[in-house]
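Data first, discussion second: the structure below is written as structure tokens.
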Amino acid sequence: MTTLPSLWPLIGIAIVVAGFAIRANPLAVVVAAAFGSGLGAGMAVPDIIAALGKAFHQNRYVSVPWLLLPVIGLMERGGLGEAATALIQRTRSATASRILLIYLAFRQITAALGLTQIAGHAQSVRPLIAPMVEAAVVRDDPAIDEAGRNRAKAMAAATDNVGIFFGEDIFLAIASILLIKGFLEGAGILVEPLQLSVWAIPTALAAFAVHGLRLWRMGRR
């Protein structure tokens, strides 16, 4: 008879959801979730701290994209956002929904190829995509208020999130695929990364369709 794995280590997920729901400090939420999962798995506190330190050391390259911020700042100071705004104002066919739909497809395809760092909130949404979308909605609706402009910019950020989240799992060597594989193996379920990647394709297509509908509705509004 197969013994079901303990679900206590998953308490970290509940802590993350609750912490973000009450808008707690993200760093405190993540640390609390790590301790919750560790204690749920029966780990001692020193072992949890050691695991956190090891994970930070192994993934210190994650901070490399921060080196791009000075370059992006210089581009913004040089008028990148203004140039993008002027281009959209001259192009009547470039609506906010079309811009974001194209960006969603670009983000999903590149993420599926493992190119997760060539776009993102800091690299593309803040300096380029958001100004273009804002210019499009202001051009098409000159009476739009500040709240409407903020909703359009928020949709630009959401589009990036949807694209990367549902696109990266198609790539074989992404950390999320390896995490899923390791978790399933711990439960006695053996799967190959290729199987997980193949089954991520219909999920990505469904996400594209659902978010595309949201973008279409935004354009109608």
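The values are calculated or read from the model by the stated rules, or taken from the named source; none is laboratory data. Computed from a predicted structure; not experimentally measured. No Cβ is skipped: glycine too gets one built from the backbone with ideal geometry, and neighbour counts run over all protein chains shown.
Does A206 fit the bill of being within 22 Å of the chain's Cα centre (by Cα) and in a loop (DSSP other than H, G, I, E, B)?
On the way: within 22 Å of the chain's Cα centre (by Cα): yes; in a loop (DSSP other than H, G, I, E, B): no.
Here the answer is no, as A206 does not meet what is asked.
From K153, K181, which residue is under 30 Å from A41 (Cα atoms), crowded, with 17+ Cβ neighbours inside 10 Å and not acidic (D, E)? It would help to see each step written out before you state the result.
Numbers: K153 fails: under 30 Å from A41 (Cα atoms).
That would be K181, the only listed residue that is under 30 Å from A41 (Cα atoms), crowded, with 17+ Cβ neighbours inside 10 Å and not acidic (D, E).
Taking the conditions exactly as written (among the β-branched types (V, I, T), farther than 15 Å from A204 by Cβ and surrounded by fewer than 17 Cβ atoms within 10 Å (Cβ to Cβ)), does I102 satisfy them or not?
Taking the combined requirement at face value, the residue satisfies it.
Going by the conditions given, is L100 in a helix (DSSP H, G or I), at pLDDT 70 or above and over 19 Å from the mean Cα position of the chain (by Cα)?
no
Could you list, ordered by first residue, the pairs with Cβ atoms under 8 Å in which the first is in segment 28-43 and within 9 Å of V16 (Cβ to Cβ) and the second is of a type in the set (F, W, Y), at least 6 apart or interchain?
V29/F20
If you go through segment 103-128, how many residues are in a helix (DSSP H, G or I) and either closer than 10 Å to G167 by Cα or at pLDDT 90 or above (or both)?
Residues meeting the conditions: 10.
Which of (1) over 29 Å from G73 (Cα atoms); (2) in contact (Cβ under 8 Å) with a residue 40 or more places away in the chain is the odd one out, the single condition A152 does not satisfy?
Condition not satisfied by A152: (1).
Given (1) surrounded by 13 or more Cβ atoms within 10 Å (Cβ to Cβ); (2) free of Cβ contacts under 8 Å to residues at least 24 places away in the same chain; (3) in a helix (DSSP H, G or I); (4) not basic (K, R), identify the lone condition not met by I144.
So the condition that I144 fails would be (3).
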